[in-house]
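**Student:** One structure coming up, written as structure tokens, with questions to follow.
The values are calculated or read from the model by the stated rules, or taken from the named source; none is laboratory data. Since the structure is predicted, the reported quantities are computational estimates derived from the model, not experimental observations. Cβ sites come from the backbone with ideal geometry, for glycine too, and all protein chains shown count toward neighbours. Just so you know, the surface numbers come from the protein's heavy atoms only, side chains and all, with ligands and any DNA or RNA stripped out. Shrake-Rupley method; radii C 1.70, N 1.55, O 1.52, S 1.80 Å.
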Amino acid sequence: MKLLQALFFPPEQPGGVSSMIPYMQERFHSSRWDMEMFWLPKRIRNKGQEEPVFHTFDWKEFGNSPIVQKYIQTYIDYVWWVRLRIQKRYDLIHAHHPIAGMAMKAAFPDTPLIQTVHSSYERELILNGRIEPGGLEHRFLVALYRELEFVSERLLTVSKSFAEYMSPYVESPEAIGVIRNGFDEKRFKPVPHENEVPQLITVCRLVPAKGLDILLKACADLKVKGYEYVLHIIGDGPSRQDLENMAKELGIYQETIFYGYTLHPEEFMPFFDIFVLPSRAEAFGSVFAEAALSCLALVGTNVGGIAEQIEDGVNGLLVPPEDPSALSEALEKVISDPQYRYELARTAWDKAKNQYSLAKSVNELKKLYLKYQS
């Protein structure tokens, strides 16, 4: 069976898709399966000229928005790149971004398409203060879910909570499937270690949606209470300078290390003690599974896919979003009690190995793919 995995970002891009798809290739390397990947290079800009066609709504109703115009141009560029580069035919295309799926269907209307929606661009834009809820851009972006349902043979997402989020925007919400991201266990090697001062780590893009302002306030509270710790922030983004300034204003800059972007944080994540990320929204939260596989204690917010991964008090701690005091109290529990911290980490590791293994996700996908074998 000839498969094409259609991505938007290159496979080395950090995030949920890149944590799974590139590592799937060896599992599909056999006489029965032939799998390739395709994506839009960053250098492709303003090349496409083809008029876009949407089957379920008129995109021009939203065309006055620069964000919508940019989105449409990127879609047109993707179609142009597909037509230029792909000459062979595939038995099945699995797309992992709305633009990728719609472009592939435009280029290959007779090829079955499976579409996985990994995250919500509109929620990210709202939380990052770039668009207004209910505004032009928001209405355009949620209209795409119905379009994706129309053009794909199967619509998937990565958590039950995100399937519920998508439900109001499609005709058949009961048909949305859930296949969670899988992780290659061989990449994660827990390391026995003793850190005299607890080491906190977070890994994310530095944007308001990730709630790092809440984390810094919670860490400042810990310092006032007399707790020692080091906070390691791995990632980059438009909020970095604001966050560094905030750490200075709160008096915790000496306890906080900003690393910037790092390609493979899982290589040194096992040497830390506690993973913490107070996201304001998260479709799945792949980095929590990665931290669990590294045998770290988990502290996260009770939102989206994070709450599906963490059972509070069993394999991690959950706190409400937007609550620095609650986050500080949760961190206090795992900082002050190393044995409790270890028990949470060990339970998280067991759950992640059982539920988020790459083998499990690949087996689910293989069963689905075979339904469309001609």
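**Student:** Could you run through segment 68-96 and say how many residues are open to solvent by 40 Å² or more (accessible area, probe 1.4 Å), modelled with pLDDT of 95 or more and not hydrophobic (A, V, I, L, M, F, W, C)?
**Tutor:** 6
**Student:** Shifting gears a bit: Scan segment 287-296 and give yes if some residue there is among the hydroxyl-bearing types (Ser, Thr, Tyr) and surrounded by fewer than 24 Cβ atoms within 10 Å (Cβ to Cβ), otherwise no.
**Tutor:** no
**Student:** In segment 260-276, is there at least one residue being of a type in the set (Asp, Glu) and at pLDDT below 95?
**Tutor:** Yes, segment 260-276 contains a residue that is of a type in the set (Asp, Glu) and at pLDDT below 95.
**Student:** Out of all the residues in segment 49-68, which are part of a loop (DSSP other than H, G, I, E, B) and under 26 Å from Ile131 (Cα atoms)?
**Tutor:** Glu51, Pro52, Val53, Phe54, His55, Thr56, Phe57, Asp58, Gly63, Asn64, Ser65 - these are the residues of segment 49-68 that are part of a loop (DSSP other than H, G, I, E, B) and under 26 Å from Ile131 (Cα atoms).
**Student:** Hey, can you tell me all the residues within segment 331-356 that are open to solvent by less than 10 Å² (accessible area, probe 1.4 Å) and not aromatic (Phe, Trp, Tyr)?
**Tutor:** Listed by number, the residues that qualify are Leu331, Val334, Leu344, Ala345, Ala348, Ala352.
**Student:** Here is a list of conditions, (1) closer than 30 Å to Asn363 by Cα; (2) open to solvent by less than 90 Å² (accessible area, probe 1.4 Å), and Phe54 meets all of them except one; can you say which number that is?
**Tutor:** For Phe54, the exception is condition (1).
**Student:** May I pose another question? Tell me which of these Lys186 doesn't satisfy, since it passes every other one: (1) open to solvent by 50 Å² or more (accessible area, probe 1.4 Å); (2) modelled with pLDDT of 95 or more; (3) assigned to a helix (DSSP H, G or I); (4) not β-branched (Val, Ile, Thr).
**Tutor:** (2)
**Student:** Which one is most open to solvent (accessible area, probe 1.4 Å), of the residues in segment 160-175 that are among the aliphatic types (A, V, I, L, M) and not in a loop (DSSP other than H, G, I, E, B)?
**Tutor:** Of everything passing the filter in segment 160-175, Ala175 is most open to solvent (accessible area, probe 1.4 Å).
**Student:** Against the condition in a helix (DSSP H, G or I), surrounded by fewer than 16 Cβ atoms within 10 Å (Cβ to Cβ) and within 22 Å of the chain's Cα centre (by Cα), how does Glu147 come out, does it pass?
**Tutor:** No: the conditions fail for Glu147.
**Student:** Looking at this structure, is Ser279 of a type in the set (S, T, N, Q), buried (at least 20 other Cβ atoms within 10 Å of the Cβ) and more than 23 Å from Ser357 (Cβ to Cβ)?
**Tutor:** When the stated conditions are applied, Ser279 passes them.
**Student:** Could you pull out every one of the strands (runs of 3 or more DSSP E) wholly within segment 259-339 that has 1 or more residues that are closer than 19 Å to Tyr229 by Cβ and of a type in the set (Gly, Ala, Ser)?
**Tutor:** 297-301
**Student:** Under 6 Å between Cβ atoms, at least 6 apart or on separate chains: pull out the pairs that start in segment 339-365 with a residue that is within 30 Å of Trp33 (Cα to Cα) and in contact (Cβ under 8 Å) with a residue 60 or more places away in the chain and end on any residue that is hydrophobic (A, V, I, L, M, F, W, C) and open to solvent by 10 Å² or more (accessible area, probe 1.4 Å).
**Tutor:** Qualifying pairs under 6 Å: Glu364/Ile179.
**Student:** What tally of residues in segment 108-141 results from selecting those that are open to solvent by 20 Å² or more (accessible area, probe 1.4 Å) and assigned to a helix (DSSP H, G or I)?
**Tutor:** 9
**Student:** So, of the residues in segment 346-374 that are outside any helix (DSSP H, G or I) and not charged (D, E, K, R), which turns out to be nearest to the chain's Cα centre (by Cα)?
**Tutor:** For segment 346-374, the residue satisfying everything is Tyr356.
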